[in-house]
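The values are calculated or read from the model by the stated rules, or taken from the named source; none is laboratory data. Nothing here was measured: the structure is a model prediction, and the numbers come from that model. In this analysis, Cβ positions are derived from the backbone assuming ideal geometry, glycine residues included, and neighbour counts consider all displayed protein chains. Ligands, DNA and RNA are stripped out before the accessible areas are found, and what is left, the full protein with its side chains, is counted by its heavy atoms. Shrake-Rupley method; radii C 1.70, N 1.55, O 1.52, S 1.80 Å.
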Amino acid sequence: MKKRPKMQLVMQMGSGYGLDQGAWRMPNADPAAYMNIDVLVELAKIAERGKIQMIFFADTPALTADISNQPPITPMDPIILLTALARETKQIGLITTLSTTFNYPYNVARQLKALDVISNGRIGVNFVTTSHPGAAVNFRDRIPGRQERYHQAHEFIQIVQALWGSWEEDALILDVKNGKFADMDKIRPINMTGDYLTSKGPLPIPPSEQGQPVIFTAGGGDEGLKIAGRYASGVYANPYDIESSRIYREMVRSSAKHFGRDPDEVKVIPGIIPSIASNKEEALERRRQLDRNIDLRGRVQYLGTMIGIPLSFEQIDLPVQEELLKYAYANPQDPRSSRALELVKEGMTIRDVLAHGVINYHPVIVGTAEEVADFMEEWFVKGACDGFAIQPDVSFDGIRDFVDQVVPILQERGLFHDDYEGTTLRDHMEISYQYGLSKEI
Ligand SMILES: Cc1cc2nc3c(=O)[nH]c(=O)nc-3n(C[C@H](O)[C@H](O)[C@H](O)COP(=O)(O)O)c2cc1C
């Protein structure tokens, strides 16, 4: 039987602070990290020291949050930041999210391929079919419907891949003696025209060390699964428990098979949020401190919706009253509700229930490095994922603590590699070389 590859680890960079909205106000934070490339370089180098396979930016082309009391969620511009990081790091893979709804494939193909060449084959891209209304109005007058966005995404990715493959691999000659730079018979237009997008090509860029950038996707539903199965080598996902993650991974794998691909070539990578400290109580106190940095009114109200009873902010430091608890139930609309209800029933204060991270976008692990490693091992061993996208609550110490404390435990347990497998992102991910279009079935 084929040996299962080790865990893929992705370090999420966000906008420089960490996942938690209150991270920018922590004592060890740089409140100007959003603008400070030196902070990002330092964090990326720490991740590289820990042999993390890649760093990752989520992105939406819009200012999506009210930033009166918190920083933006996504970076100033990920392509610009990756260009700097490509020069300042040597081995780690570099991935950004880009929208197939609000971009031209030629621009995207060109920038990513150039980055892949200058980084010696370390670039990946997470293609998303952005549906954020704030992004839509920056480009056109409406959000395209779901079908249109996905149809366009197929055209977009195929054009990008074809442009990437528009030079034959030996087109570049560089023969100084005979004055031959490149063989134009091996650099050809792609002449692709779809219903929404068109491009003639070719690109002005030769192959990179890994051929071309690695494609990730993130998105929901049947259409998202088709995109993942057909083109993706990595899928960033947001399941909340082992069983739903395992089922999702199986669906991605069978979609890959359907498109004639080896399912092991597609890594399913859910996000997790570690809050690490030397014991559980300290980790909880870290989260209480983060919560004190933000206005919790909305979260208290939402927790009430999750457990089906009204909760008041004034009672945040009290447990939920017995007589109200009788009416509580786990709201089936939100998969995080049963865990929230369980904690409320233990009799802890509303503040402490929130400190356990019951309302975050990904599962939160509040505890020691050992407990974080246990969580990761269980998901991985049970086939729920091929790795994790780590989003530390606070980047400034969270990335360092993950690398220095959790990585050695994972290595000792044989779950995570001791060193990079090679030089390119494809080497790190143990996936095949690819050049040009994904094969058709
Ligand atoms: C885990 C995950 C991460 C996502 N990250 C982004 C992102 O960084 N930027 C973005 O514009 N959209 C992002 N999306 C949104 C998807 O591209 C898509 O628009 C969304 O899932 C809406 O669903 P639909 O496209 O199926 O209607 C993400 C979706 C998921 C599930």
Check on ARG230, within 16 Å of the ligand (Cβ to nearest atom) and open to solvent by 20 Å² or more (accessible area, probe 1.4 Å): yes
Those residues of the range 236-277 which are within 12 Å of the ligand (Cβ to nearest atom) and either touching a Lys or Arg at 6+ places or on another chain (Cβ under 7 Å) or outside the structural domain of VAL128 (by TED's automatic domain parsing) (or both), in sequence order: TYR240, VAL268
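Against the condition within 14 Å of the ligand (Cβ to nearest atom), farther than 30 Å from ARG292 by Cα and in the same structural domain as ALA23 (by TED's automatic domain parsing), how does THR96 come out, does it pass?
yes
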Residues located in the range 175-232, provided they are hydroxyl-bearing (Ser, Thr, Tyr) and in contact with a Lys or Arg (Cβ under 8 Å, 6 or more places away or on another chain): SER208
Hey, ILE399 open to solvent by less than 40 Å² (accessible area, probe 1.4 Å), in the same structural domain as SER244 (by TED's automatic domain parsing) and more than 21 Å from the chain's Cα centre (by Cα) or not: no
Any hit, the range 107-125, residues being of a type outside the set (A, V, I, L, M, F, W, C), within 11 Å of the ligand (Cβ to nearest atom) and crowded, with 19+ Cβ neighbours inside 10 Å: no
Condition check for VAL381: open to solvent by 50 Å² or more (accessible area, probe 1.4 Å), aliphatic (A, V, I, L, M), out of contact with any Gly (no Cβ under 8 Å at 6 or more places or on another chain) and at pLDDT 95 or above: yes
Set LEU174, LEU225, LEU163: member being among the aliphatic types (A, V, I, L, M), under 24 Å from MET251 (Cα atoms) and either part of a helix (DSSP H, G or I) or open to solvent by 10 Å² or more (accessible area, probe 1.4 Å) (or both): LEU225
Selection count, the range 145-160, where residues are within 28 Å of LEU203 (Cα to Cα) and either modelled with pLDDT under 95 or more than 10 Å from the ligand (Cβ to nearest atom) (or both): 10
Pairs, first outside any loop (DSSP other than H, G, I, E, B) in the range 73-100, second within 16 Å of the ligand (Cβ to nearest atom) and hydroxyl-bearing (Ser, Thr, Tyr), C-beta under 6 Å, six or more apart: PRO78/THR96; LEU82/THR96; SER99/THR130
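With in contact with a helix residue (DSSP H, G or I) (Cβ under 8 Å, 6 or more places away or on another chain) and away from the ligand (no atom under 16 Å from the Cβ) as the only criterion, which of MET26, MET35 stands out? I'd like the intermediate steps shown before the answer.
Working: MET35 fails: in contact with a helix residue (DSSP H, G or I) (Cβ under 8 Å, 6 or more places away or on another chain).
Of the residues listed, the single one that is in contact with a helix residue (DSSP H, G or I) (Cβ under 8 Å, 6 or more places away or on another chain) and away from the ligand (no atom under 16 Å from the Cβ) is MET26.
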Close pairs (6 angstrom Cβ cut-off, 6 or more residues apart or separate chains): closer than 15 Å to LEU115 by Cβ and touching a residue at least 12 places away in the same chain (Cβ under 8 Å) in the range 205-221, open to solvent by 10 Å² or more (accessible area, probe 1.4 Å) and among the acidic types (Asp, Glu) anywhere: PRO207/GLU169
Given (1) assigned to a helix (DSSP H, G or I); (2) open to solvent by 80 Å² or more (accessible area, probe 1.4 Å); (3) under 30 Å from ASN138 (Cα atoms), number of the condition LYS45 does not satisfy: (3)
Elements of type helices (runs of 4 or more DSSP H) in the range 279-376, at least 2 residues being crowded, with 17+ Cβ neighbours inside 10 Å: 280-292, 297-307, 337-345, 350-355
Where a residue in the range 174-202 is more than 25 Å from PRO144 (Cα to Cα) and its partner, wherever it lies, is at pLDDT 95 or above and β-branched (Val, Ile, Thr), with Cβ under 8 Å and at least six apart: LYS180/ILE173; PHE181/ILE173; ALA182/ILE173; ASP183/ILE173; ILE190/ILE159; GLY201/ILE190; PRO202/ILE187; PRO202/ILE190
Residue list for the range 415-441, filter: out of contact with any Leu (no Cβ under 6 Å at 6 or more places or on another chain), in contact (Cβ under 8 Å) with a residue 24 or more places away in the chain, over 16 Å from ASP262 (Cβ atoms) and surrounded by 14 or more Cβ atoms within 10 Å (Cβ to Cβ): LEU415, HIS417, TYR420, THR423, THR424, LEU425, ASP427, HIS428, TYR435, GLY436, LEU437
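Yes or no: the range 181-197 includes at least one residue that is among the polar types (S, T, N, Q), open to solvent by 20 Å² or more (accessible area, probe 1.4 Å) and more than 27 Å from LEU9 (Cβ to Cβ). Explain how you work it out, then say what you get.
Of the residues in the range 181-197, the ones among the polar types (S, T, N, Q) are 191, 193.
Filter again for open to solvent by 20 Å² or more (accessible area, probe 1.4 Å), leaving 191, 193.
If we keep only those that are more than 27 Å from LEU9 (Cβ to Cβ) as well, we get 191, 193.
The answer is yes, given that some residue of the range 181-197 is among the polar types (S, T, N, Q), open to solvent by 20 Å² or more (accessible area, probe 1.4 Å) and more than 27 Å from LEU9 (Cβ to Cβ).
Only one residue in SER245, SER254, SER275 is in a helix (DSSP H, G or I) and surrounded by 16 or more Cβ atoms within 10 Å (Cβ to Cβ). Which one? Quick ask: steps written out before the conclusion?
On the way: SER254 fails: surrounded by 16 or more Cβ atoms within 10 Å (Cβ to Cβ); SER275 fails: in a helix (DSSP H, G or I).
After ruling out the rest, the residue left standing is SER245.
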Residue that is closer than 14 Å to ARG110 by Cα, open to solvent by 10 Å² or more (accessible area, probe 1.4 Å) and not in a helix (DSSP H, G or I), where the choices are GLY201, GLY219: GLY201
The range 64-75, subset in contact with a Gly (Cβ under 9 Å, 6 or more places away or on another chain) and more than 13 Å from the ligand (Cβ to nearest atom), residue least open to solvent (accessible area, probe 1.4 Å): PRO71
